[in-house]
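Engineer: Have a look at this one.
The values are calculated or read from the model by the stated rules, or taken from the named source; none is laboratory data. Fair warning: this is a prediction, and the values are worked out from it, not measured in the lab. Counting neighbours? That spans all protein chains shown, and the Cβs are built from the backbone with ideal geometry, glycine included. Protein only, heavy atoms only, side chains kept; ligands, DNA and RNA dropped before computing areas. Shrake-Rupley method; radii C 1.70, N 1.55, O 1.52, S 1.80 Å.
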Amino acid sequence: MITIKDIAKAANVSEGTVDRVIHNRSGVSKKTEAKVKKVLERHNFKVNPVASALALKKKHQISVLIPEHDDSDLFWKSPYLGVLKAAEDVKNFGVQVSSFKFNQSDPISYLKAFKALLETKPTAVIMVPNFSNETKQIINRLEALNIPYLFLNIDIEGFNNMGYVGQDSCTAGYIAGKLLHFNNLQPCEFLIIQSSQDITKNNAISNRVKGFKDYFFKNEINSTPETLKIEDINNVLETKEIINLYLQTHPEIKGVFVPSSRIYKVVDCIDNNRLQDLKLIGFDNTPQNTECLLNDSVSFLISQKPFDQGYKSVRLLTDYLMQNKMPEHKIYLPIDILIKENVKYNGRDEFISDKNNTVK
């Protein structure tokens, strides 16, 4: 295997000069740099990132700002597990990964978590931009400190984030509309059920709704999906009354779209005699949603690969920090359509990672 010493001899320069060229450090003329790179290319010389990090004694800190999860909302557990798995894989590259969780219903919690994150003096940040005004404050601070940042799961336009890793939400909503329509070809109507919490804070949710409506509009289908907004979906008694009253007064509805990971809560609120006449579609294979799919309460779930989102975000930033490899601005992950027959094969990485990590 060719060494730096061999490269230096072939280029007729010092080993220190070769080392500076390899690690993109200053102090080398353009002419000498070109000569060394030509020799490197001729011998197909590849830098070992582990050895490079150790040689430079340079450590990188990736800090992650992510919503917390609990038993009532397990979605964020999967991207967190992806972050943990990636952290384990990149630690030998001299990269430290730390996660800071916040209450996704509390903007003050969001800012407090960011304040704690800054104390790690991050080289780069992965963040879920959960609240618009507070996100502006956070990004202004990151940009003032010249810290690059990557958006995870939720994409907000108008910022200088170096990239976004997540689902193409509009396309996912469009697919949901197509699936519901194909399963209800007779004349009928469709209902979108949203919680106020999701409407106010989540750009991904609004894009899914847009995509869902676009399917019917672009294909000139004689159906205009209606939207039912629930103030507090965690208030079971009130939510149950609102949903069932709406369905009773709109018997033409045969399909229900829930553009979030909370479809299991909607299922729990619909009367059983009405539920069997409906086709329901929602997002994410959380344990509660998967149970609804397996017992035929839900027809389809759309997976946005949350574990892969967390994992890929860390790996992309590691490549950027170690090799100056700029990621694509939009990294869209595959959109999986889950049914009861294939859901058990989805999310195996989460299962393995969950066994190997303690989730706090």
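Engineer: From the phi angles alone, apply the Karplus equation (6.51, -1.76, 1.60; θ = phi - 60°) to the range 244-253 and give each ³J(HN,Hα) in whole Hz, x where the residue is Gly or Pro.
Structural biologist: 5, 5, 5, 5, 5, 8, 9, x, 6, 6
Engineer: Using a 1.4 angstrom probe on the protein heavy atoms only, could you order Lys91, Lys85 from most to least accessible area?
Structural biologist: Descending order: Lys91, Lys85.
Engineer: Follow-up. Counting only heavy atoms of the protein chains, get the accessible area per residue of the chain (1.4 Å probe) and round it to a whole Å² value.
Structural biologist: 51
Engineer: Kindly write out, for the range 18-23 in residue order, the coupling ³J(HN,Hα) from the Karplus curve 6.51 cos²θ - 1.76 cosθ + 1.60 (θ = phi - 60°), rounded to whole Hz, with x marking Gly and Pro.
Structural biologist: 4, 4, 5, 5, 4, 9
Engineer: Could you run the Karplus curve 6.51 cos²θ - 1.76 cosθ + 1.60 with θ = phi - 60° over the range 297-308 and give me ³J(HN,Hα) per residue in whole Hz, x for Gly and Pro?
Structural biologist: 6, 10, 7, 9, 10, 10, 8, 9, 6, x, 4, 5
Engineer: Continuing with the same structure: Would you pull out the residues with amide H under 5 Å of Leu228's amide H, same chain only if 5 or more places away, H placed 1.01 Å from N?
Structural biologist: Ile192, Ile193, Gln194
Engineer: Using a 1.4 Å probe and ignoring any ligands, DNA or RNA, find the accessible area of Arg20 and quote it in Å² to the nearest 10.
Structural biologist: Probe radius 1.4 Å; accessible area of Arg20 about 70 Å².
Engineer: Same structure again: Probe radius 1.4 Å, ligands and nucleic acids left out: which of Met326, Met127, Met162 has the largest accessible area, and how do the rest follow?
Structural biologist: Met326, Met162, Met127
Engineer: At R0 = 45 Å, how high is the FRET efficiency between Asp89 and Asn203 if r is their beta carbon distance? Nearest 0.05 is fine.
Structural biologist: 0.95
Engineer: Would you look at the GNM of the chain, springs on alpha carbons closer than 10 Å, and say which of Val258, Val13, Val125 moves the most?
Structural biologist: So, out of Val258, Val13, Val125, the one fluctuating most is Val13.
Engineer: Please compare each pair in Lys254/Lys312; Lys30/Lys115; Lys5/Lys59; Lys136/Lys344; Lys30/Lys325 to a cut-off of 31 Å on the Cα-Cα distance and tell me which ones are over it.
Structural biologist: As for pairs spanning more than 31 Å Cα to Cα, those are Lys254/Lys312; Lys30/Lys115; Lys136/Lys344.
Engineer: Okay, next question. Using a Förster radius of 56 Å, what is the FRET efficiency between Glu291 and Asn12 based on their Cβ-Cβ separation? Nearest 0.05, please.
Structural biologist: 0.20
Engineer: Could you calculate the contour length gain from Gln186 to Glu341, that is, 0.36 nm times the residue separation minus the distance between their Cα atoms, to one decimal place in nm?
Structural biologist: Extra length available between Gln186 and Glu341 comes to 53.3 nm.
Engineer: For Leu228 and Lys30, calculate 0.36 nm times their separation in residues minus their Cα-Cα distance, and state this gained length in nm to one decimal.
Structural biologist: That pair, Leu228 and Lys30, stretches by 64.9 nm at full extension.
Engineer: If I model a spin label as a point 7 Å beyond the Cα along the Cα-Cβ vector, how far apart are those points for Lys5 and Gln137 in nm?
Structural biologist: 5.8
Engineer: Then there's this: Quick one: pull the percent of accessible area on the range 89-220 belonging to carbon and sulfur, 1.4 Å probe, ligands and nucleic acids left out.
Structural biologist: Ligands and nucleic acids excluded, carbon and sulfur reach 49 percent.
Engineer: So how do Thr120, Thr318, Thr224, Thr3 rank on accessible area, 1.4 Å probe, biggest first, that is with the largest at the start?
Structural biologist: The most accessible residue leads, giving Thr224, Thr3, Thr120, Thr318.
Engineer: Hey, another quick one. Restricting the count to DSSP beta bridges whose residues both fall in the chain, what percent are antiparallel, rounded to a multiple of 5?
Structural biologist: Close to 10 percent.
Engineer: A follow-up question, please. Running a GNM on the chain with Cα contacts under 10 Å, which residue among Phe283, Phe93, Phe182 ends up with the highest mean-square fluctuation?
Structural biologist: Phe182
Engineer: Can I ask one more? Enumerate the amide H contacts of Tyr149 below 5 Å, restricted to partners 5 or more residues apart or on another chain; note that Pro and chain-start residues carry no placed amide H.
Structural biologist: Those lying under 5 Å, H to H, from Tyr149 are Val125, Met162.
Engineer: Express in nm, to one decimal, how much length is gained between Lys210 and Glu157 on full extension, taking 0.36 nm for each residue of separation and deducting their alpha carbon distance.
Structural biologist: 17.5 nm
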